[in-house]
Amino acid sequence: MIRTRTEALLGGLVLRLMFQDEARYGRINDPRQCWAYKGIRPVTHKQIIREYTYLYGAFCPGDGGMDCLILPSMDSACMNLFLKEVSARHPGELVLMVTDGAPCHKGQELTVPDNMRLLFLPPYCPQLNPAENMRDEMREKFFGNVSFESMDQLEDHLVAASIHYENAPATVKSISDWEWMGLY
């Protein structure tokens, strides 16, 4: 949470800067290198089942806060649910949500809550969004060489990963607080 002199200009609301992105998780995996004792070949499964779900996430580099929601698709209806949830989790704050220019972020059906403003990154600039690094971190730490028997099992694993990072604000802050933001 960023507390500044502009709080008075925001009608008593505290400004919260958040970076948003969604990631697709599915039952397709790519086996990759892993550690094993010498002489032992680890067994990993390769799975190609085209079933997916989406993790919508918003990350606050100022305090390491994170809000996530697992939703079935990437469209304006799901984005509306996510924005409404983030808004409800931060009453009394003005959320400045930095996001990319995906069609579901700009659609006419999109309803932005009163305590939220959207700021769009330039096209083809994922390197400006720390949410991309959070997605990579989750994939590396929780989804390497893992296969799932069902979508329910995948979603349970995704919930566990999300809860881990929601309860580790120092980790989220270390990954998302970049020097160019001036929040150090």
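PHE142 passes all but one of (1) hydrophobic (A, V, I, L, M, F, W, C); (2) within 19 Å of the chain's Cα centre (by Cα); (3) farther than 18 Å from GLU22 by Cα; which number fails?
Failing condition for PHE142: (3).
Identify, from the list SER174, SER150, the residue that is within 18 Å of ARG16 (Cα to Cα) and either of a type in the set (S, T, N, Q) or modelled with pLDDT of 85 or more (or both).
SER174
Could you grab me the full set of residues in segment 1-27 that are over 26 Å from SER73 (Cα atoms), open to solvent by 40 Å² or more (accessible area, probe 1.4 Å) and at pLDDT 80 or above?
Correct list: LEU13, LEU15.
Do we find that ARG41 is open to solvent by 30 Å² or more (accessible area, probe 1.4 Å), assigned to a strand (DSSP E or B) and either small (Gly, Ala, Ser) or modelled with pLDDT under 90 (or both) in this structure?
Considered against the rule, which asks whether it is open to solvent by 30 Å² or more (accessible area, probe 1.4 Å), assigned to a strand (DSSP E or B) and either small (Gly, Ala, Ser) or modelled with pLDDT under 90 (or both), ARG41 comes out as no.
Please determine whether any residue of segment 53-62 is closer than 23 Å to ARG27 by Cα, over 13 Å from the mean Cα position of the chain (by Cα) and touching a residue at least 40 places away in the same chain (Cβ under 8 Å).
Among the residues of segment 53-62, at least one is closer than 23 Å to ARG27 by Cα, over 13 Å from the mean Cα position of the chain (by Cα) and touching a residue at least 40 places away in the same chain (Cβ under 8 Å), which makes the answer yes.
Out of the residues in segment 50-66 meeting the condition of being in contact with a Leu (Cβ under 8 Å, 6 or more places away or on another chain) and under 16 Å from LEU119 (Cβ atoms), tell me which one is most open to solvent (accessible area, probe 1.4 Å).
Filtering segment 50-66 for residues that are in contact with a Leu (Cβ under 8 Å, 6 or more places away or on another chain) and under 16 Å from LEU119 (Cβ atoms), the one most open to solvent (accessible area, probe 1.4 Å) comes out as GLY62.
The values are calculated or read from the model by the stated rules, or taken from the named source; none is laboratory data. Keep in mind it's a predicted model, so treat the numbers as computed, not measured. As a convention, Cβ positions derive from the backbone with ideal geometry for all residues, glycine included, and neighbour counts pool all protein chains shown. All accessible areas refer to the heavy atoms of the entire protein, side chains included, with ligands and DNA or RNA removed. Shrake-Rupley method; radii C 1.70, N 1.55, O 1.52, S 1.80 Å.
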